Structures are given as structure tokens and as C-alpha cells.
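Here the structure comes first, spelled out in C-alpha cells, and everything after it is commentary.
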Amino acid sequence: MSASFKDLRVWQEAMKFAVEVYRVTGQFPKHEVYGLCQQLRRAAVSVPSNIAEGKGHRSDREFGNFLLHARGSLLEAQTQLLIAKELQYMSGEDAGRILASADAIGRSLNSLINSLREKTA
């Protein structure tokens with residue numbers, strides 16, 4: 001039987017990323033609670049959620065499609081983090097740390113997507 005989604009390193013890292021986004025957005029200005037804060041949290045949560053949902057599907061092709069959605073959500077979150085950084089809603093240190101984490105997750109997702117493509121080719 002294949003491993004659980006919880007065993008995937010990329011899912012574990014994406015979970016840490018989502019939790020960190022929640023922590024940092026908790027310090028955003030109150031007027032952003034229903035704006036950038038909520039949008040960023042949704043995108044961040046979507047990353048590990050799509051990985052988990054995809055892992056639950058039977059085929060590698062379906063899993064790959066969910067990984068593409070996870071990567072799209074990650075790119076969305078990165079863009080929103082850059083906007084928040086420009087608006088000075090978070091420190092440069094926090095932004096740098098979270099964006100570096102996002103870059104690492106993106107590389108892991110790309111590797112997994114590529115390995116699934118090779119497997120199904």
C-alpha cells in the first residue's frame with residue numbers, strides 16, 4: 001500500500017508554511033482581516049489540502065493534477081506575501097523566511113510533478 005499523504009515531506013513542509021502564514025497574518029492591520037489576510041490564508045491552506053486530496057486519488061495522473069493546483073495556490077500565496085511585504089504588513093525577516101519556505105516547497109512540488117510525469121509517460 002502506498003504511503004499516506006502525511007508521510008510526504010512536501011505536505012509536511014506545506015503544513016508548516018500554512019501555519020506560519022496564519023501566525024504572520026494575525027499581525028496584519030485589522031482593516032485587512034477580510035482582504036489580503038483572508039485571501040492569503042486561503043491560498044496557504046490550499047497547498048497542503050490539494051496535496052492531501054490528490055494523494056487520495058487512485059491514479060498518478062490525478063495526483064499530478066492536484067499537485068499542479070497546489071503549486072498554483074503556492075504561487076498565489078507568494079504573490080500575496082510580496083504585496084504584504086511591500087505594504088509593510090510584516091517584517092522583512094518574516095517575509096524572507098516565509099518566502100524561502102515557499103520557494104523550497106515549490107521546488108519539491110516541481111520534482112514530484114516531474115517524477116509523476118516520467119512515471120506516466
So, in segment 37-71, exactly how many residues are touching a residue at least 24 places away in the same chain (Cβ under 8 Å), touching a Ser or Thr at 6+ places or on another chain (Cβ under 8 Å) and under 17 Å from Ile98 (Cβ atoms)? 6
Would you confirm whether any residue within segment 36-45 is assigned to a helix (DSSP H, G or I) and under 17 Å from Gln12 (Cβ atoms)? yes
Residues of segment 3-30 classified as loosely packed, with under 13 Cβ neighbours inside 10 Å, in a loop (DSSP other than H, G, I, E, B) and touching a residue at least 24 places away in the same chain (Cβ under 8 Å), total: 3
Segment 89-107, residues that are within 18 Å of Leu36 (Cα to Cα), assigned to a helix (DSSP H, G or I) and in contact with an Asp or Glu (Cβ under 8 Å, 6 or more places away or on another chain): Ile98
Sort out which residues of segment 35-80 are among the hydrophobic types (A, V, I, L, M, F, W, C), surrounded by 21 or more Cβ atoms within 10 Å (Cβ to Cβ) and either within 27 Å of Thr120 (Cβ to Cβ) or over 12 Å from the mean Cα position of the chain (by Cα) (or both), and write them in order of number. Cys37, Val47, Ile51, Phe63, Leu67, Ala70, Leu74
Give me the residue from segment 1-33 that is of a type in the set (A, V, I, L, M), out of contact with any helix residue (DSSP H, G or I) (no Cβ under 8 Å at 6 or more places or on another chain) and closer than 30 Å to Arg58 by Cα and, out of that set, modelled with the lowest pLDDT. Met1
Checking Val33 against (1) without any contact (Cβ under 8 Å) to a residue 40 or more places away in the chain; (2) aliphatic (A, V, I, L, M); (3) within 21 Å of Phe5 (Cα to Cα), which test does it fail? (3)
Quick one: in segment 57-88, which of the residues that are outside any helix (DSSP H, G or I) and out of contact with any helix residue (DSSP H, G or I) (no Cβ under 7 Å at 6 or more places or on another chain) is modelled with the lowest pLDDT? Arg58
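The values are calculated or read from the model by the stated rules, or taken from the named source; none is laboratory data. Not measured: the values here are computed from a predicted model. In this analysis, Cβ positions are derived from the backbone assuming ideal geometry, glycine residues included, and neighbour counts consider all displayed protein chains.
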